[in-house]
Amino acid sequence: SLPITWGHNENVLWRTELKGRGTSSPVIYQNKVFLTASSRINTTESNAGDANNLTHHVICIDCTTGKYLWIRDIQVPSSPQEQHEEVQQQRFSASTPVVDENRVYTFFGAAGVFAFDHSGTLDWQADVGSQTDGYNKSASLILHNNLLIVNASVESESIYAIDKYTGIG
């Protein structure tokens with residue numbers, strides 16, 4: 001049965017420190033947890049760090065042990081966009097990834113859409129626009145049959161249907 005209470009040391013199987021920060025939800029597929037985060041160079045709790053050194057992270061963790069299976073870093077080109085407090089707190093990783101039997105798909109706003117196989121190899125990436133509005137991207141991806149649906153309303157004022165095998169929209 002599932003626990004109905006938990007705390008710092010109650011009903012916790014493992015705890016893992018994450019690289020970076022974000023507000024995406026974790027996604028579980030078979031024995032793997034997939035999630036995203038972002039970080040900057042020279043960050044502290046009171047300082048958001050250098051806006052020109054943003055890195056996104058796609059993370060895969062073993063469900064049983066809590067150990068990292070792999071982490072992939074995506075360097076982000078510098079952006080002149082003004083960054084609001086909410087963006088600085090979330091570190092640009094709010095969109096929840098989606099997973100199927102072959103890949104994990106992630107969306108980092110103007111940085112694009114990325115598809116990794118379950119061993120962490122980048123299969124493809126797609127550009128869905130470069131516009132920003134100073135806030136964090138939070139529209140999560142949808143898989144429908146062989147299509148990956150991307151709400152790029154900020155980046156290009158568009159909705160994309162991308163072939164999940166090729167990355168072509």
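The values are calculated or read from the model by the stated rules, or taken from the named source; none is laboratory data. None of the values given here were measured: they were computed from a predicted structure. Because the Cβ atoms are built from the backbone with ideal geometry, glycine has one as well, and the counts that use them run over all protein chains shown. Calculation scope for accessible area: heavy atoms of the full protein, side chains included, ligands and nucleic acids excluded. Shrake-Rupley method; radii C 1.70, N 1.55, O 1.52, S 1.80 Å.
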Condition met for Glu45 (at pLDDT below 90 and among the acidic types (Asp, Glu)) | yes
Of all the residues that make up segment 110-169, how many are open to solvent by 80 Å² or more (accessible area, probe 1.4 Å), charged (D, E, K, R) and at pLDDT 85 or above?
-> 1
Being touching a Ser or Thr at 6+ places or on another chain (Cβ under 7 Å) and farther than 16 Å from Tyr105 by Cβ, is that true of even one residue in segment 26-33?
-> yes
